[in-house]
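One structure below.
Taken together, the values in this text are just the output of simple stated rules run on the coordinates, not laboratory data. Source: prediction; values computed, not measured. In this analysis, Cβ positions are derived from the backbone assuming ideal geometry, glycine residues included, and neighbour counts consider all displayed protein chains.
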Amino acid sequence: MIIEVSAKPGSRKTEVTHEGGNKYTVRVTQPPVEGKANKAVIAALSEYFKLSKSRVLLLKGEKGKVKVFSVDI
């Protein structure tokens with residue numbers, strides 16, 4: 001499944017919100033420095049979908065706030 005994620009790094013808490021369709025908002029506490037926020041988004045998505053982290057793959061948007069992920073359900 002391909003999903004579009006709006007990432008919100010530096011938030012007060014980590015949470016995943018389904019916005020409808022294939023769109024999600026993921027808030028993470030980590031700052032957008034050296035890939036820390038991307039790793040936190042992957043961890044949050046894997047927990048949300050109850051999958052291992054290796055089944056969540058970042059396809060596009062490594063440095064942007066809008067990212068595209070492949071989630072192997």
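Determine whether the range 33-52 contains at least one residue that is under 17 Å from Ile73 (Cβ atoms) and of a type in the set (D, E, K, R). Scanning the range 33-52, I find at least one residue that is under 17 Å from Ile73 (Cβ atoms) and of a type in the set (D, E, K, R), so the answer is yes.
Residues in the range 19-73 that are over 14 Å from Met1 (Cα atoms), aliphatic (A, V, I, L, M) and either buried (at least 16 other Cβ atoms within 10 Å of the Cβ) or under 11 Å from the mean Cα position of the chain (by Cα) (or both): Val26, Val28, Ala37, Ala40, Val41, Ile42, Ala43, Ala44, Val66. Pairs meeting the criteria (first residue in the range 36-51 and over 12 Å from Val71 (Cβ atoms), second residue in a helix (DSSP H, G or I), beta carbons under 8 Å, at least 6 apart or on different chains) are Ala43/Lys53.
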